[in-house]
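The values are calculated or read from the model by the stated rules, or taken from the named source; none is laboratory data. From a predicted model like this one, the values you see are computed outputs, not experimental measurements. Neighbour counts run over all protein chains shown; Cβ positions are idealised from the backbone, glycine included.
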Amino acid sequence: MFTLLLVLSFIVMAGLAAAGLLLSAADQGAGTEASTPSLSDLSSVEPR
(Lines give C-alpha, C1' and ligand atoms only; values in the text may rest on other atoms or scores of the structure.)
Protein backbone atom coordinates (compact mmCIF):
# COMPACT_ATOMS: atom_id res chain seq x y z
CA MET A 1 0.00 0.00 0.00
CA PHE A 2 2.84 2.36 0.82
CA THR A 3 4.55 1.70 -2.51
CA LEU A 4 1.28 2.43 -4.35
CA LEU A 5 0.99 5.82 -2.64
CA LEU A 6 4.65 6.50 -3.41
CA VAL A 7 4.16 5.73 -7.11
CA LEU A 8 0.99 7.84 -7.28
CA SER A 9 2.69 10.80 -5.62
CA PHE A 10 5.63 10.46 -8.03
CA ILE A 11 3.25 10.48 -11.02
CA VAL A 12 1.48 13.57 -9.68
CA MET A 13 4.77 15.41 -9.13
CA ALA A 14 5.97 14.44 -12.61
CA GLY A 15 2.69 15.68 -14.10
CA LEU A 16 2.95 19.00 -12.28
CA ALA A 17 6.56 19.40 -13.43
CA ALA A 18 5.57 18.67 -17.05
CA ALA A 19 2.67 21.13 -16.82
CA GLY A 20 5.01 23.77 -15.41
CA LEU A 21 7.46 23.26 -18.27
CA LEU A 22 4.66 23.50 -20.82
CA LEU A 23 3.32 26.69 -19.22
CA SER A 24 6.79 28.26 -19.10
CA ALA A 25 7.41 27.32 -22.75
CA ALA A 26 4.05 28.83 -23.74
CA ASP A 27 4.87 32.02 -21.82
CA GLN A 28 8.27 32.29 -23.51
CA GLY A 29 6.65 31.78 -26.94
CA ALA A 30 3.93 34.34 -26.09
CA GLY A 31 1.25 31.67 -26.43
CA THR A 32 0.81 28.71 -28.76
CA GLU A 33 -1.15 30.82 -31.26
CA ALA A 34 1.78 33.23 -31.60
CA SER A 35 4.38 30.45 -31.90
CA THR A 36 2.80 28.86 -35.00
CA PRO A 37 3.00 31.98 -37.24
CA SER A 38 6.65 32.39 -36.24
CA LEU A 39 7.38 28.97 -37.74
CA SER A 40 5.63 29.92 -40.99
CA ASP A 41 7.50 33.24 -41.01
CA LEU A 42 10.82 31.42 -40.67
CA SER A 43 9.90 29.09 -43.55
CA SER A 44 8.85 32.05 -45.73
CA VAL A 45 12.11 33.90 -44.99
CA GLU A 46 14.22 30.99 -46.27
CA PRO A 47 15.27 31.60 -49.91
CA ARG A 48 14.05 29.01 -52.40
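Can you pull out every residue in the range 22-36 that is surrounded by 10 or more Cβ atoms within 10 Å (Cβ to Cβ) and modelled with pLDDT of 70 or more?
Passing the criteria: LEU22, LEU23, SER24, ALA25, ALA26.
Looking at the structure I just gave you, is ALA17 out of contact with any Leu (no Cβ under 6 Å at 6 or more places or on another chain), at pLDDT 90 or above and aliphatic (A, V, I, L, M)?
yes
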